[in-house]
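Novice: Sharing a structure, written as structure tokens. Questions coming.
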Amino acid sequence: MRVSTSLAEINVVPLVDVMLVLLIIFMVAAPMMTQGMPVNLPQAKKSPPIAAQAVYITVPASYAKDHIVQIDNEDVRVEVLPERIRQLMYNREDKSLFVRGDGTVQYQDVVYVMDKLKEAGVEKVGLVTRPPGSR
């Protein structure tokens, strides 16, 4: 007499296939989820990577018309920028932030925004650029 035992094995190959497809979908969709003001950053040959919890001040191409900058994702008039930055930096240990200026913005406008940031007590202001060849 022959005794046979049945092996109950779970086939994980379809599960792995589905997980890899989902991973690819999220990898493709994640860059499309970032929102904000479209800014054409100027190029720089060498720029060190940013390691801090960054606060970005964006000076868009429309700055000359409306004098509106963006703190992370919030639109702010440049006249109230020092007060908003004081509130933002009040409890922060690192009193530095980064300015992203559109490539078409006048240099004087970027310097004016940086003056407003210094007026608010910001110790370090970094300028964000993009490496050559990137979009």
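What follows draws every value from the coordinates through simple rules; no lab data is involved. Here the structure is a predicted model, which means the values were calculated and not measured. For neighbour counting, all protein chains shown are included, and Cβ atoms are generated from backbone atoms with ideal geometry for every residue, glycine included.
Novice: Rounded to the nearest 0.05, what FRET efficiency is calculated for residue 29 and residue 129 with R0 set to 25 Å and r the Cβ-Cβ distance?
Specialist: 0.40
Novice: Give the Debye-formula value of log10 I(q)/I(0) at each listed q (0.13 Å⁻¹), with one equal scatterer per alpha carbon of the stretch 56-127, two decimals each.
Specialist: Log-scaled intensity ratios, in q order: -0.31.
Novice: Quick one: which residues, 5 or more positions from residue 41 or on another chain, have an amide H under 5 Å from its amide H? H modelled 1.01 Å from N in the peptide plane, none for Pro or chain starts.
Specialist: 103
Novice: So if each residue of separation counts as 0.36 nm, and I subtract the Cα-Cα distance between residue 54 and residue 118, what length gain in nm does that give?
Specialist: Gain on extension, residue 54 to residue 118, equals 21.4 nm.
Novice: With θ set to phi - 60°, apply the Karplus curve 6.51 cos²θ - 1.76 cosθ + 1.60 along the stretch 117-133 and write out the HN-Hα couplings as whole Hz, x wherever there is a Gly or Pro.
Specialist: Once θ is set to phi - 60°, the couplings for the stretch 117-133 become 5, 5, 4, 7, x, 6, 7, 10, 10, x, 9, 8, 10, 10, x, x, x Hz.
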